[in-house]
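Colleague: Just dropping this structure here.
The values are calculated or read from the model by the stated rules, or taken from the named source; none is laboratory data. Model, not experiment: these values are computed from the prediction. Quick reminder, even Gly has a Cβ in these numbers, built from the backbone with ideal geometry, and neighbours come from all protein chains shown. Ligands, DNA and RNA are excluded from the accessible area calculation, which covers all protein heavy atoms including side chains. Shrake-Rupley method; radii C 1.70, N 1.55, O 1.52, S 1.80 Å.
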Amino acid sequence: MKCHAFAAVFLLSTSGAFAQVGNPLVTPATLARTVCSTAVTPQPGGKPGLSWIQLQTPTASYLLPTKSRQFYALSPEQLKADSAVVGHEVTIADYEMDHIWPIEVGGHPYEPKNLRLLLAQGPSGARAKGTVVKKVHTRLCAGSITLEQAAACFKGDWTSCK
């Protein structure tokens, strides 16, 4: 059984609504062997290898209890607003667990304060955010932005990130 100890780095979001938590394994000095690594770790039994990011990503069994807890805590007003976005009455399946500070740019994979429920669809949904995360990750790994700049992208309104 592997145990991982993580020291949390807390950064308040510009809105103050959520805290971002960084992965202490990811620093400017470790980018090439962490989030920017293209190395693949072989898996037992002939399964496809996994990248560093895939190895850091929490399993569904870890995320599901948090997703369920957060879904059932949504207000009726939020459920109604989200239903308007997707065009039907929302269910838990309409949401994804979002890493506020994405793993791909140094966010902590397991810290509950870095996880929130996010509607999958819509202009500020998880799928739209995924596109932004990929762009920021590419820029980070190309050296055109720093780790600090990449993290800052997700401190507030990530929809304005380029």
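Colleague: Name every residue in the stretch 87-115 that is at pLDDT 95 or above and either over 29 Å from A150 (Cβ atoms) or of a type in the set (D, E) (or both), in order of residue number.
Modeller: Passing the criteria: G87, H88, E89, V90, T91, I92, A93, D94, E96, D98, E104.
Colleague: Let me spell it out: the conditions are (1) touching a helix residue (DSSP H, G or I) at 6+ places or on another chain (Cβ under 9 Å); (2) surrounded by fewer than 18 Cβ atoms within 10 Å (Cβ to Cβ); (3) touching a residue at least 40 places away in the same chain (Cβ under 8 Å), and I100 meets all of them except one. Which number is the exception?
Modeller: With (1) touching a helix residue (DSSP H, G or I) at 6+ places or on another chain (Cβ under 9 Å); (2) surrounded by fewer than 18 Cβ atoms within 10 Å (Cβ to Cβ); (3) touching a residue at least 40 places away in the same chain (Cβ under 8 Å) applied to I100, the lone miss is (2).
Colleague: Same structure, new question: Could you check T57 against (1) modelled with pLDDT under 90; (2) polar (S, T, N, Q); (3) within 17 Å of the chain's Cα centre (by Cα) and say which number it fails?
Modeller: (1)
Colleague: Count, please, the residues in the stretch 1-49 that happen to be modelled with pLDDT of 90 or more and either part of a helix (DSSP H, G or I) or surrounded by 13 or more Cβ atoms within 10 Å (Cβ to Cβ) (or both).
Modeller: 15
Here is a yes/no grid of residues against (1) aromatic (F, W, Y); (2) over 16 Å from the mean Cα position of the chain (by Cα); (3) under 21 Å from K135 (Cα atoms):
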{"residue": "G22", "(1), (2), (3)": "no, no, yes"}
{"residue": "L25", "(1), (2), (3)": "no, no, no"}
{"residue": "S61", "(1), (2), (3)": "no, yes, no"}
{"residue": "L64", "(1), (2), (3)": "no, no, no"}
{"residue": "Q70", "(1), (2), (3)": "no, no, no"}
{"residue": "L79", "(1), (2), (3)": "no, yes, no"}
{"residue": "D94", "(1), (2), (3)": "no, yes, no"}
{"residue": "V105", "(1), (2), (3)": "no, no, yes"}
{"residue": "Y110", "(1), (2), (3)": "yes, no, no"}
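Colleague: From the list L118, L74, exactly one residue is surrounded by 13 or more Cβ atoms within 10 Å (Cβ to Cβ), at pLDDT 95 or above and assigned to a loop (DSSP other than H, G, I, E, B). Which is it?
Modeller: L74
Colleague: Which residues, counting only those in the stretch 127-139, are over 22 Å from P28 (Cα atoms) and touching a Phe, Trp or Tyr at 6+ places or on another chain (Cβ under 8 Å)?
Modeller: Passing the criteria: only K129.
Colleague: Please state which one of A93, A128, A150 is surrounded by fewer than 13 Cβ atoms within 10 Å (Cβ to Cβ), outside any loop (DSSP other than H, G, I, E, B) and among the aliphatic types (A, V, I, L, M).
Modeller: From the options A93, A128, A150, the qualifying one is A93.
Colleague: Among all residue pairs at least 6 apart or on different chains, which show Cβ distances below 9 Å where the first residue, located in the stretch 121-134, is within 10 Å of C161 (Cβ to Cβ) and the second is among the hydroxyl-bearing types (S, T, Y) and open to solvent by 30 Å² or more (accessible area, probe 1.4 Å)?
Modeller: K129/T159; V132/T159
Colleague: Test L64 against the stated conditions and say whether it is of a type outside the set (K, R) and not in a helix (DSSP H, G or I).
Modeller: Judged against the criteria, L64 is not a match.
Colleague: Does K113 satisfy being touching a residue at least 60 places away in the same chain (Cβ under 8 Å), assigned to a helix (DSSP H, G or I) and open to solvent by 50 Å² or more (accessible area, probe 1.4 Å)? Before you say what the answer is, go through the steps one by one.
Modeller: Numbers: touching a residue at least 60 places away in the same chain (Cβ under 8 Å): yes; assigned to a helix (DSSP H, G or I): yes; open to solvent by 50 Å² or more (accessible area, probe 1.4 Å): yes.
Here the answer is yes, as K113 does meet what is asked.
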